[in-house]
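> I'd like to ask some things about the structure below.
Just so it is clear, none of the values below were taken in a lab; they were calculated from the coordinates. The model shown is predicted, which means the values in this text are computed figures rather than measured ones. Cβ sites come from the backbone with ideal geometry, for glycine too, and all protein chains shown count toward neighbours.
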Amino acid sequence: MELEAMYQKLGVSPQVFAYGQHVLERLRGRFDEIDRTAEYNQGKVLAAMQENRLAANHFAATTGYGYDDEGRDNLERIYASVFHTEAALVRPQITCGTHALTVALSANLLPGDELLSPVGAPYDTLEEVIGIRESTCSLKEYGVTYAQADLRPDGGFDFDAIRAAINERTKLITIQRSKGYATRPTFSVAQIGELIAFCRSVKPDVKIMVDNCYGEFVETVEPSDVGADMVVGSLIKNPGGGLAPIGGYICGTKACVERCAYRLSAPGLGREVGANLGLMPAFYQGFFLAPTVTAGALKGAIFAANLYEPLGFSCVPGAEEKRHDIIQAVTLGSREAMVAFCKGIQAAAPVDSYVTPEPWAMPGYDSEVIMAAGAFVQGSSIELSADGPIRPPYAVYFQGGLTWQHAKLGILLSLQKLADAGLAPTDYVS
Ligand SMILES: *Cc1c(COP(=O)(O)O)cnc(C)c1O
């Protein structure tokens, strides 16, 4: 068969290919559902571009101060209409997701205020931003305190603990939508809506920020549709569509976003400065592609769980579970298996496919880490990538794929490398 021959050329044996096809047969219904979400979200982005009369002049590069940058301003109007917010800040000067979150937090918290996370510990890099781990220039250093309500053992919200944690100094509540690299569940937008409503019932004027990383376009609604004052994310994840080479966004109320603009540039200057540096075509086109790129990554995540779980590797989320972000964890059980898995992902890459990933002692981590990525944009995790700390339970976190077809190849090659190393069965389909 022609397709099988192509996979063989790319390094996938007929046995692994056949197993993949067998797994896929059961996924058709779920893939259809993902396509329907993508179709709706494509319409949402397209309508926003049409309503804001996007035109070729918006692609022009600006340099220097960037006063009267129509391309930049219109992109922000389009983001605001997609997220149904009053305002948006979408800039190449926001260097990554952590930076966007830092701007949103430090702009909206003043000395004496308290920040609350009602969903347990935040993403690793935010620990230093907040001052949970001591760091120069942390919010803690500026006199902003931090409180946390942990999730219940079953992953649900602990409403009593949250009520008890909210006090007269609680100014801002931060909710992380995706599990990130933790083992708790990712929240649906509906769950986030319930949590926001509860927090507001305790303290009506509290500000709510949602870390939206990896969640954009996975559902037809976003946290800003269920009451968040700010939603924040990175352009080298879902909303950049693989084309944005840098950037972050903050969408929200005019009051919150204005403060973010003053924090990002300078008081008095705000959103008026910030040249677009010729990145507008990539930002616009990436946003246009983002719903379908996200759909491809979601299919890859579901395929991986359904391929690996029957072979005895436990997966989070599980094969049958509903998705609220694009991250898939696969527990492989040994260092060797993690290395083999990552070798497969790397071998499938369009860039640096000839490189062999090795575990290394990455700064800031207490164990060795392995990473596989052969991306057009360095560090882009909407492109096919896998990584994980080399320690029990030896789980890799897999995400991305600019196309579903590429994600599929990467996952099949990861299994191929495991089988070649004798770390996975080879007699899948009878
Ligand atoms: C990726 C991520 C971040 C940080 O984004 P960077 O671009 O890596 O700085 C923050 N929160 C979550 C949940 C993420 O997935």
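> Please identify which residues in segment 146-172 have an amide N closer than 16 Å to a label point set 7 Å out from the Cα of Val206, following the Cα→Cβ vector.
146-152, 157-172
> Per residue and in Å³, how big is the convex hull formed by the alpha-carbon atoms of the chain?
145 Å³
> Could I ask something else about it? Mind checking which aspartates and glutamates have their C-alpha under 20 Å from Lys9, skipping anything on the same chain fewer than 8 residues away?
Partners within reach: Asp352, Asp420.
> Just the ratio, please: alpha-carbon radius of gyration of segment 207-330 over 2.2 N^0.38 Å, N its number of residues.
1.26
> For the residues Leu402, Leu418, Leu289, Leu89, what sequence is obtained by ranking on other C-beta atoms within 10 Å, fewest first?
Leu289, Leu402, Leu418, Leu89
> Once a ≥ b ≥ c are taken as the square roots of the eigenvalues of the Cα gyration tensor of segment 312-430, is the result rounded (a/c under 1.5), prolate (a/b larger than b/c) or oblate (a/b not larger than b/c)?
It is rounded, given that a/c, with a ≥ b ≥ c, falls under 1.5.
> Of all DSSP beta bridges located in the chain, what percent are antiparallel, nearest 5?
60 percent
> Here's another thing I want to ask about it. Can you give the alpha-carbon Rg of segment 112-207 over 2.2 N^0.38 Å, where N counts its residues?
1.05
> Okay, next question. Based on the Kirkwood radius over alpha-carbon pairs, what is the Stokes-Einstein translational diffusion coefficient of segment 55-287 at 37 °C with 0.692 mPa s viscosity, in µm²/s?
Once the numbers are plugged in, D ends up at 184 µm²/s.
> How about segment 129-184: which GluC sites (Glu not before Pro) there lie in a loop by DSSP and see at most 15 other Cβ atoms within 10 Å?
Here the sparse-neighbourhood loop sites are Glu134, Glu168.
> Quick one: 3J(HN,Hα) in Hz for segment 338-343, Karplus 6.51/-1.76/1.60 with θ = phi - 60°, rounded, Gly and Pro as x.
Using θ = phi - 60°, the values come out as 4, 5, 5, 4, 5, 4 Hz.
> Give me the one-decimal nm value for the distance between modelled label points at Thr183 and Phe198, 7 Å along each residue's Cα-to-Cβ direction.
2.3 nm
> Mind sorting Met1, Met209 by how few other Cβ atoms lie within 10 Å of their own Cβ, fewest first?
So the residues, fewest neighbours to most, are Met1, Met209.
> With a 10 Å Cβ neighbour count serving as the proxy for reagent exposure, in which order, fewest first, do Ser353, Ser385 appear?
Least to most surrounded, the residues fall as Ser353, Ser385.
> For segment 138-183, count the residues as N, evaluate 2.2 N^0.38 Å, and divide the Cα radius of gyration by that value, please.
Expressed relative to 2.2 N^0.38 Å, the Cα Rg reads 1.33.
> Continuing with this model, one more query. Work out the count of Lys pairs in segment 55-287 where the Cα-Cα distance is under 18 Å, with the pair 8 or more places apart or on different chains.
6
> Then there's this: Taking Cα centroids, how far is segment 143-177 from segment 198-231 in Å?
When both Cα centres are located, 14 Å separates them.
> GluC sites (Glu not before Pro) within segment 183-267: which are DSSP loop residues with at most 11 other Cβ atoms inside 10 Å?
Answer in residue order: no site qualifies.
> I'd like to know which of Phe376, Ala55, Phe283 lies farthest towards the positive end of the charge dipole of the chain, counting +1 on Cβ of Lys and Arg and -1 on Cβ of Asp and Glu.
The Cα lying farthest towards the positive end belongs to Ala55.
> What FRET efficiency comes out for Glu320 versus Thr253 if R0 is 51 angstrom and r is the Cβ-Cβ distance? Round to the nearest 0.05.
Result of the calculation: an efficiency of 0.85.
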